[in-house]
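The values are calculated or read from the model by the stated rules, or taken from the named source; none is laboratory data. Since this is a predicted model, take the numbers as computed values, not measurements. Quick reminder, even Gly has a Cβ in these numbers, built from the backbone with ideal geometry, and neighbours come from all protein chains shown. SASA here: full protein model, heavy atoms, side chains in, ligands and nucleic acids out. Shrake-Rupley method; radii C 1.70, N 1.55, O 1.52, S 1.80 Å.
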Amino acid sequence: MPEFCGIELEHPVINASGTYDAIAARKVFGDALLADFPFSAFVSKTITPEPRAGNEPQRIWETPAGMINSIGLPNKGLEGFLAEDLPQLAELPVPLVVSVMATNREDFSRLVQAIGARDEVAAIELNVSCPNVHSGLIVGEQPSETEALLEALRPLTEKPLIVKLTPNVADPGAVAVAAEAGGADAVALINTLKASAIDPATGQPALAAGHGGLSGPAVRPIALQQVRAVKSTCELPIIGMGGVSSGADAAEFIAAGATLVAVGSENFRDPQAGSRITKELETKLSGGTLPIQVLDLQ
Ligand code: RRO
């Protein structure tokens, strides 16, 4: 049973924020979802202080071995989340991580204080890496900004703070070190890679927002390298993600230094992917079909 930031988990496979709607899944699958929940912890879609409608369509575009999204953070806002979503997410049979994002420190503080005060919440993910909302870029791209944000938020809650790193930087290790210096408990990586597509039918950008973030198997080697880079520079536990669609993929992230592995795009293809990947990973780890040891990082 892995332990993560003091939280006991049944296994190392969780979901990537925004890739699995547990409230919708409960409506479709009923209580069967609770009996066989696909993840050992649940990470919510990122919420912001005020409600957001998100971007105009087209919001998703398929690419070779991947997809680009520019969803644009649609969410009910803090009050709507607390009133409507949190009671339902609290019924899930696993610890709850709430992902938050704001465009300034005061709003980030408001989110962390309000979410941190709730017993239903096990940990808070700080999304400093959304590539779709302009003001969200700045903090996660700058080590100094990341450290200052963590220093402002750290005193506001005793709950573990997980920093979701952006991959759109030259040196993700430097941002992870800054998060650690500011008092973060863990890092999660990668968020999506900044990407564009042109609709061949129009010759225009395929996504209404013009660009978006790439995810899926296409990004896995990049994500693995970034996990290795972060592992070699900081001591924080890592949630590794990026194109995981099998137990073998998950085992690669553990070999690269991740404590937990998150499933993202694969959830859209198969809402039971988390359960399958967990079983496959257990077979790999116990059956010795893939020799797992944390790699020499030189
Ligand atoms: O909502 C989004 O468009 C979005 C977010 Br908040 C994020 O963190 N990563 C992403 O690929 N899309």
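So here's what we get for this one:
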item: Two-site label geometry, Ile23 and Glu151: point separation in nm, points 7 Å out along Cα→Cβ; result: 3.7
item: Positive dipole terminus of the chain, leading residue within Leu34, Ala122, Gly274 (C-beta point charges); result: Gly274
item: Length-normalised contact order of the chain in % [C-alpha pairs under 8 Å, at least 6 apart]; result: 18
item: Per residue solvent-accessible surface (Å²) - the chain, probe of 1.4 Å; result: 42
item: Whole-Hz couplings from phi, Karplus 6.51/-1.76/1.60, listed for the range 61-70; x for Gly and Pro; result: 9, 7, 10, x, 6, x, 8, 10, 10, 9
item: Full-stretch length increase - Asp199, Glu106 - with 0.36 nm per residue and alpha-carbon distance subtracted; result: 29.5 nm
item: Pairwise FRET efficiency - Thr63 versus Gln88, Cβ, R0 = 35 Å, nearest 0.05; result: 0.60
item: Whole-angstrom Cα spans of the range 1-44 along principal axes, big to small; result: 31, 22, 13
item: Restricting the range 29-118 to GluC sites (Glu not before Pro) in coil, as DSSP defines it, with at most 15 other Cβ within 10 Å; result: Glu91
item: Carbon and sulfur %, accessible surface of the range 1-98 computed with the full protein complex present, 1.4 Å; result: 55
item: Residues of type aspartates and glutamates that Lys279 reaches as a straight line, Cα spacing below 16 Å, ignoring anything fewer than 8 places off in the same chain; result: Glu10, Asp36, Asp249, Glu252, Glu266, Asp270
item: Beta bridges by DSSP in the chain, antiparallel share as percent, to the nearest 5; result: 40
item: Value of relative contact order over the range 227-293, rounded to a whole percent, pairs C-alpha under 8 Å and six or more apart; result: 34
item: Surface share of carbon and sulfur [accessible, 1.4 angstrom probe, percent] for the range 136-197; result: 51
item: Mean separation of Cα contacts under 8 Å, 6 or more apart, over the residue count of the range 68-135: relative contact order %; result: 37
item: Where only C-alpha atoms are counted, convex hull volume of the chain per residue in Å³; result: 125
item: Gain upon complete extension [Asp119, Gln225; 0.36 nm per residue less C-alpha separation]; result: 34.6 nm
item: Listed residue pairs exceeding 20 Å between alpha carbons, taken from Lys45/Lys76; Lys159/Lys231; Lys164/Lys231; Lys231/Lys284; result: Lys159/Lys231; Lys231/Lys284
